[in-house]
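Below: one structure, written as structure tokens.
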Amino acid sequence: MLTSILIILFLAVIIGLVLGFSSVQFKVEGDPIIEKIDSILPQTQCGQCSYPGCKPYATAIAKGDADINQCPPGGEKGVRALAELMGVEYKPLNESHGISKPKAIAFIDEDTCIGCTLCIQACPVDAILGAAKQMHTIIEKECTGCELCLPPCPVDCITMEPIEENAENWKWKYPVYSIAVSEKKVNN
Amino acid sequence: MKLLDKIFKFNGGIQAETKKDISTKKTIKSLPIPSEIRLPLRQHIGKMAKLRVKVGDQVLKGELIAEADGNISAAIHAPTSGKIKSIEKLLIPHPSGLPDFCVTLIPDNNDKWVKKFPIDWKNISLKETNKLLLNSGIVGLGGAAFPSHLKLGTNRNSPIKTLIINAAECEPYITCDDMLMRERGKDLIEGIELVQSLLGAEETIIGIEDNKLEAFKIISSLIEKKPNIYIKVVPTIYPSGDAKRLIFLINGIKIPKEKRSSEYGIQMFNVATIVAIFRFIQYGEPSLSRIVTITGNIKEPRNYEVLFGTPLRSLVKDAGGQKIKNNTFLMGGPMMGFTLPSIDVSVTKTMNCVISAEPEMIQVTEEPLPCIRCSKCAEACPVSLQPQELFWFSKSDQFEKAQNYNLFDCIECGCCSYVCPSNIPLVQFYRYAKSEIISQSIAAEEADIARERNDFRILRLDREKKERAERNAQRKAENTNTDKLKLIEEKRAEIAAAMDRIKNEKNI
Amino acid sequence: MLNNYLLIIISTVLVNNIVLTKILGLCPFMGVSKKLETSISMSAATAFVLTIGSMTSWAINHYLLEPNDLIYLRTLTFIVVIAAVVQFTEMLMEKNFPVLYKMLGIFLPLITTNCAVLGIPLLNAQASHTLLESAVFGFGGALGFSFVLILFSSTRERLEGAHIPQPFQGSAIAMITAALMSLAFMGFIGLDK
Amino acid sequence: MINQQSPFIKKAPSVTWIMMLVMLGLVPGTLACVFFFGIGILLNLTIAIITALIFEYFILKIRNLPIKLFITDGSAIVAASLLAISIPSIAPWWIIVIGTFFTIIVAKHLYGGLGSNLFNPAMIGYAVLLISFPAVMTKWPLPASHLLDFNLAQQIQIFVYGTKDVIDSVSSATPLDYIKTQILLNRPYEVNFTKGMPINSYFNASIIISLSFLIGGIFMWIKKIITWHLPITFLISLALISSIFWLVDSTRYLSPFIHLFSGGTLLCAFFIITDPVSGPTTPKGKIFFAFGVALLVYLIRVFGGYPEGIAFAVILMNICVPLIDSLTQPKVFGHE
């Protein structure tokens, strides 16, 4: 009886020492996984995930505070990529955070705009040009379509316009055939 | 003249029925000026040409309508004299079937030339010649539509040793290069000599498939006395006319996807492009027309010399119309071409061939089955890819893996689909996957920009906040400072007073 | 002598494969076999834990438990030792391969409860192997585990594009595949004689 | 259906046509089997094909796939035929039905049907049967010209009730089985081809059957359904491996000749490992795969517990196929 207790004690001490030593030796700082997650997120900075931007959301995912299905602009593909990176099961987009829709770009109706600069302050990527009491315009190339400029506008002069398909951005479509060859796999 | 014997062989390829004799029975015919000309502003690889005319302008034949926008772009000229009717989005010959900007010109039927400026290339520098070529509007007429001035450009690292003339014309049905060689061999040879000396190349090799006997005879007799021009007959195996495949057949050099042939001292031109360059330099005529094969399900198949912008409808009408009406036309060959969105599109610089679709071409008789991994496609792939794996990944959206299997090395030649026992439209899957990957990478780039800008904004807001805080603090500090000084001074005054008192007391 | 070790290896890798014949360690076998990359790293981690674990377990069994007639403590002490080795491996990985560490996720600490990892030291103790034999047995077990895990994950990657009937997608078809692999491994019966 | 993208022309044999040619290739071998092992082989074949089609029909119906398209592709018939030929001619009917079930339903359709199966369906069916019913699966009739003393009533009786209640004298161990037992028991064995021992009649039959399969194989090769890689590598590897052992100790190990011409070696070489779906696709991979199968076949035949290792060897190598394929990618044009 006594020997067994002694042996267990002995083991506990040895193991404790080894682990204690290695925990000092292999101390980890920083978390490169955040960068990886951030690179998957679409960087719209829209805040639909309930975090103030993509980076904060990435941090929250890495910490385990947020789920992977809270990013509507990333859509199903984004969730899949996150699921793969994190090694968890795919789950459908959480609709309480919004639904995925095709990318759109904000347009300012320049006749209505009163130049209040509220939208400029709201834009997360500084894609709106203009100064006080002057008409504002959107730098199309830089607009992420986050819609954050819509609510602050006092005169509702901003509209979201989906990007039109033209000969330049046109994509070949998924071949459609009547049977299983081309049936896309939905699960896992 | 020398005949080169050693032929290298790439993996696979296919031997399809060439069907070329359909359209070689008659000579090249010039199509009369149509009643309306619609010129798309994007007929080449690169940026859309920059418009130089406005609605209502009167233009002469050969006058600049749109100029090259930057270096990777090509100019567009009026194919005949007339009046600009409109500038609007119209259907263009593009697989998307989407409209794009076009200039509509109403010909006045005078066909009056603008003043031509032949180039005295022997007495001016290469750089100047090249600058002039920028607005020749000449692009690769084999179908790739790569602006030719870039290929003749001077800013390259390695000198060009070999000029290869692509006369393989490997796709079935197409005969425009064949007919050009038969009828305009002299222009071609003069053009070759010109381009060879422009490039400073030591030799020229003409690569021709062994099914064009007549053209071969004519060309060989023309180059009999030319010491630096060789002709090399390659076997009729599609896709021997693909640039990198042809270079390999001729020189045994395998040029990877991401490299240009010029890095290996080789430059390649299509026969029609050579003639266009020759005409521009010799006579000052910009690129205004091309030879188009019209064949297939048509009453009078033959080759036409057609002005750019001519509606396909007038071409079809002149060729007697379709034998079996189905209103479907393919642009390019049957292996790599695409169905035209409408008969109302116009002839462009890339339109080497129009095939009036045979019913069996557009009607799939057998249903596709799943891939049975028979690897017939891998045996046929001229790039030595694994089409069955690419298909497997493309159909299930596993793009990363598809890229690991070198999806982007695929030249979409269609050999895999041609031999597939399961009837799978393999090339369609690759195009889909490529499109998706490209759009994803564009999205990723945009995301990077957005991230940077967002980071910058956060930084800026932080800095502003800090600055504000600092200012406040400073202001506060300033306030407190004066108070303190006052205090100290008061204290000092008190001390001094006390000292004085003590002194006084001592003195007393 | 060498023959003996060779037989142990053949036996543990092919004939008595720890996963397919002994049906031990199914949890990571199913859990981390979705991607080839993770399965390779999982294999490495398990091999490390198994070899070290079976050696330390041997030492404890040989020097502490058997002389003191405390064989009933085997399971308990082995679990503790394995848990410690796993903890150690985890820290090592977090430091050196952080992305992998994140990808393996819960399955890394779960090596502790991997019955293969406990099973091998126990089998070692039962068969009264020597230190070297224990190490070889542990390593062979790990090799067998890695071997089938890597093969299994490569087949599962291939299945990703397959048009599997809805009810059989995911784990179901993986279990069936494992069963068929096990069936094939039955062909090795008798090879270790 | 309208084809809207290139290429607009094509010329390829259909899957059905390929499967039909495979069936044609099987004809000489099957006839030889029938000649030596009796009409039972034909009964097996018939019942296997019928049950395979029935299973196929129902599973397609359940999976909501176009029935006509997939039934006519012929893959089920080929798989069932390969299974039936491997099963002893005196096996009862339910053996075939169980085997076909595993072949069609488990090995093929659970994995997604045509083109998706990881394992060779026929070999899965065979391996399941061999492990579950070893006694039945290793009992072949003595090879003789069974067509001459053909007794339909007896055959059907065997087919319905199995051999147990009928007669015992018709069956014996296969040559590989016999030799293995003899070696295990340290007894001498005969591999002489001229004496009239039962083992010799086995070999004579084996050689003729093997040659018939070879003819079928060559036919498929001429028709370009199979490439040389798989069968040739397999046969050469098996010959090489067995030669090495045989040269080391010819009293313990059989000559390569016997290995090549016994069991289902040639059937395996031309019809089983050439299954495109479960096999590798790259030329190098094919060589690797065939070598692996040969090695495993030899190991299991000589050292393992089962008399014939083809089914196990093929399935084991099938498991390795995705890995082999990804590791043996040919060099892409222009890549160094």
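Applying the condition of being of a type outside the set (A, V, I, L, M) and at pLDDT 90 or above to segment C:171-186 and asking which residue is surrounded by the most Cβ atoms within 10 Å (Cβ to Cβ) yields C:Phe185. Taking helices (runs of 4 or more DSSP H) that do not extend beyond segment C:1-77, which have at least 2 residues that are crowded, with 22+ Cβ neighbours inside 10 Å and within 14 Å of chain A (Cβ to nearest Cβ)? In segment C:1-77, C:36-59 are the helices (runs of 4 or more DSSP H) which contain 2 or more residues that are crowded, with 22+ Cβ neighbours inside 10 Å and within 14 Å of chain A (Cβ to nearest Cβ).
Residues in segment B:320-344 that are charged (D, E, K, R) and free of Cβ contacts under 8 Å to residues at least 40 places away in the same chain: B:Lys323, B:Lys325.
In the set (1) touching a Ser or Thr at 6+ places or on another chain (Cβ under 8 Å); (2) surrounded by fewer than 15 Cβ atoms within 10 Å (Cβ to Cβ); (3) among the aromatic types (Phe, Trp, Tyr), the condition left unmet by D:Phe36 is number (2). The condition of being facing another protein chain (nearest Cβ under 7 Å), assigned to a helix (DSSP H, G or I) and surrounded by fewer than 20 Cβ atoms within 10 Å (Cβ to Cβ) holds for only one of C:Gly105, C:Gly119, that being C:Gly105. The helices (runs of 4 or more DSSP H) found wholly in segment B:369-467 and carrying at least 3 residues that are facing another protein chain (nearest Cβ under 9 Å) and more than 30 Å from A:Val125 (Cβ to Cβ) occupy B:376-380, B:387-395, B:415-419.
Restricting attention to segment D:289-300, the residues that are more than 8 Å from chain C (Cβ to nearest Cβ), surrounded by 21 or more Cβ atoms within 10 Å (Cβ to Cβ) and more than 15 Å from the chain's Cα centre (by Cα) total 3. Within segment B:309-316, identify whether any single residue is surrounded by 19 or more Cβ atoms within 10 Å (Cβ to Cβ), part of a loop (DSSP other than H, G, I, E, B), more than 10 Å from every other protein chain (Cβ to nearest Cβ) and not aromatic (Phe, Trp, Tyr), and answer yes or no. Yes: segment B:309-316 contains one or more residues that are surrounded by 19 or more Cβ atoms within 10 Å (Cβ to Cβ), part of a loop (DSSP other than H, G, I, E, B), more than 10 Å from every other protein chain (Cβ to nearest Cβ) and not aromatic (Phe, Trp, Tyr). Candidates D:Gly74, D:Gly125, D:Gly99: the one that is on the phi > 0 side of the Ramachandran plot and either within 20 Å of the chain's Cα centre (by Cα) or within 14 Å of chain B (Cβ to nearest Cβ) (or both) is D:Gly74.
Quick check, is B:Arg290 under 18 Å from the mean Cα position of the chain (by Cα) and closer than 23 Å to B:Pro382 by Cα? Let's see the steps before the verdict.
Values: under 18 Å from the mean Cα position of the chain (by Cα): yes; closer than 23 Å to B:Pro382 by Cα: no.
Judged against the criteria, B:Arg290 is not a match.
Are any of the residues in segment A:156-166 assigned to a loop (DSSP other than H, G, I, E, B) and modelled with pLDDT of 85 or more? Give the steps one after another, and end with the answer.
Residues of segment A:156-166 that are assigned to a loop (DSSP other than H, G, I, E, B), as a first pass: A:156-157, A:163-166.
When the remaining residues are screened for being modelled with pLDDT of 85 or more, the result is A:156-157.
The answer is yes, given that some residue of segment A:156-166 is assigned to a loop (DSSP other than H, G, I, E, B) and modelled with pLDDT of 85 or more.
Select the strands (runs of 3 or more DSSP E) contained entirely in segment B:23-128, then report the ones holding at least 3 residues which are away from every other protein chain (no Cβ under 14 Å) and surrounded by fewer than 17 Cβ atoms within 10 Å (Cβ to Cβ). Even if it seems obvious, please write down each step before you answer.
Working: elements: B:37-40, B:64-67, B:82-91, B:99-107.
Filter on segment B:23-128 gives B:82-91.
Within segment C:134-142, is there a residue that is in a helix (DSSP H, G or I), under 20 Å from the mean Cα position of the chain (by Cα) and within 15 Å of C:Pro28 (Cα to Cα)? Lay out the reasoning, then the answer.
First pass over segment C:134-142, keeping only residues in a helix (DSSP H, G or I): C:134-142.
Subset that is under 20 Å from the mean Cα position of the chain (by Cα): C:134-142.
With within 15 Å of C:Pro28 (Cα to Cα) added as a condition, the list becomes C:141-142.
Yes.
Would you mention how many residues in segment B:170-219 are within 17 Å of B:Thr18 (Cα to Cα), in contact (Cβ under 8 Å) with a residue 12 or more places away in the chain and more than 14 Å from every other protein chain (Cβ to nearest Cβ)? Write out each step before concluding.
First pass over segment B:170-219, keeping only residues within 17 Å of B:Thr18 (Cα to Cα): B:170-179, B:208-216.
Add one more test, that the residue is in contact (Cβ under 8 Å) with a residue 12 or more places away in the chain, and what stays is B:170-179, B:208-212, B:214-216.
Applying the additional criterion that residues be more than 14 Å from every other protein chain (Cβ to nearest Cβ) yields B:175-179, B:208-212, B:214-216.
Count: 13.
Among the conditions (1) surrounded by 15 or more Cβ atoms within 10 Å (Cβ to Cβ); (2) farther than 30 Å from B:Tyr430 by Cβ; (3) modelled with pLDDT under 80, the only one that A:Cys153 does not satisfy is (3). With a requirement of 2 or more residues that are among the charged types (D, E, K, R) and crowded, with 20+ Cβ neighbours inside 10 Å, the helices (runs of 4 or more DSSP H) lying completely within segment B:158-240 that satisfy it span B:176-183.
Conditions tested, residue by residue: (1) of a type in the set (D, E, K, R); (2) away from chain B (no Cβ under 13 Å).
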position	(1), (2)
A:Ile5	no, yes
A:Leu11	no, yes
A:Lys27	yes, yes
A:Lys36	yes, yes
A:Ile40	no, no
A:Thr44	no, no
A:Gly53	no, no
A:Pro56	no, no
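Pairs linking a residue in segment B:418-445 that is farther than 26 Å from D:Lys10 by Cα to a residue that is part of a helix (DSSP H, G or I), with Cβ atoms under 7 Å and 6 or more positions apart or on different chains, are B:Glu436/B:Phe399; B:Ile437/B:Phe399; B:Ile437/B:Gln403. The single condition among (1) in a helix (DSSP H, G or I); (2) under 12 Å from the mean Cα position of the chain (by Cα); (3) under 19 Å from B:Ile449 (Cα atoms) that A:Ile120 does not meet is (2).
Quick one: is A:Gly47 of a type outside the set (Lys, Arg), touching a residue at least 60 places away in the same chain (Cβ under 8 Å) and not assigned by TED's automatic domain parsing to the domain that holds A:Pro154? First the steps, then the outcome.
Working: of a type outside the set (Lys, Arg): yes; touching a residue at least 60 places away in the same chain (Cβ under 8 Å): yes; not assigned by TED's automatic domain parsing to the domain that holds A:Pro154: yes.
Here the answer is yes, as A:Gly47 does meet what is asked.
You will find that of D:Ala80, D:Ala91, the residue that is surrounded by 23 or more Cβ atoms within 10 Å (Cβ to Cβ), among the small types (Gly, Ala, Ser) and in a helix (DSSP H, G or I) is D:Ala80 and no other.
Quick check, is C:Ile111 buried (at least 24 other Cβ atoms within 10 Å of the Cβ), part of a helix (DSSP H, G or I) and within 12 Å of another protein chain (Cβ to nearest Cβ)?
Working: buried (at least 24 other Cβ atoms within 10 Å of the Cβ): yes; part of a helix (DSSP H, G or I): yes; within 12 Å of another protein chain (Cβ to nearest Cβ): no.
Against the criterion (buried (at least 24 other Cβ atoms within 10 Å of the Cβ), part of a helix (DSSP H, G or I) and within 12 Å of another protein chain (Cβ to nearest Cβ)), C:Ile111 does not qualify.
With the structure loaded, tell me whether C:Leu151 is buried (at least 19 other Cβ atoms within 10 Å of the Cβ), at pLDDT 85 or above, over 30 Å from D:Leu60 (Cβ atoms) and touching a Leu at 6+ places or on another chain (Cβ under 9 Å) or whether it fails that test. For C:Leu151, the condition - buried (at least 19 other Cβ atoms within 10 Å of the Cβ), at pLDDT 85 or above, over 30 Å from D:Leu60 (Cβ atoms) and touching a Leu at 6+ places or on another chain (Cβ under 9 Å) - is met.
If you filter segment B:358-368 down to residues that are facing chain D (nearest Cβ under 7 Å) and part of a loop (DSSP other than H, G, I, E, B), you find that the one that is nearest to the chain's Cα centre (by Cα) is B:Val364. Hey, among the residues in segment B:380-429 that are surrounded by fewer than 23 Cβ atoms within 10 Å (Cβ to Cβ) and of a type in the set (Val, Ile, Thr), which one's nearest to the chain's Cα centre (by Cα)? The extreme case among them is B:Ile411. Of all residue pairs spaced 6 or more apart or on separate chains, those with beta-carbon atoms under 6 Å, a first member in segment D:310-336 that is more than 8 Å from every other protein chain (Cβ to nearest Cβ) and a second member that is of a type in the set (Lys, Arg) and surrounded by fewer than 24 Cβ atoms within 10 Å (Cβ to Cβ) are D:Thr328/D:Lys284.
The values are calculated or read from the model by the stated rules, or taken from the named source; none is laboratory data. Just so it is clear, the structure is predicted and the values come from calculations on it, not from any experiment. All Cβ positions, glycine included, derive from the backbone under ideal geometry; neighbour counts span all protein chains shown.
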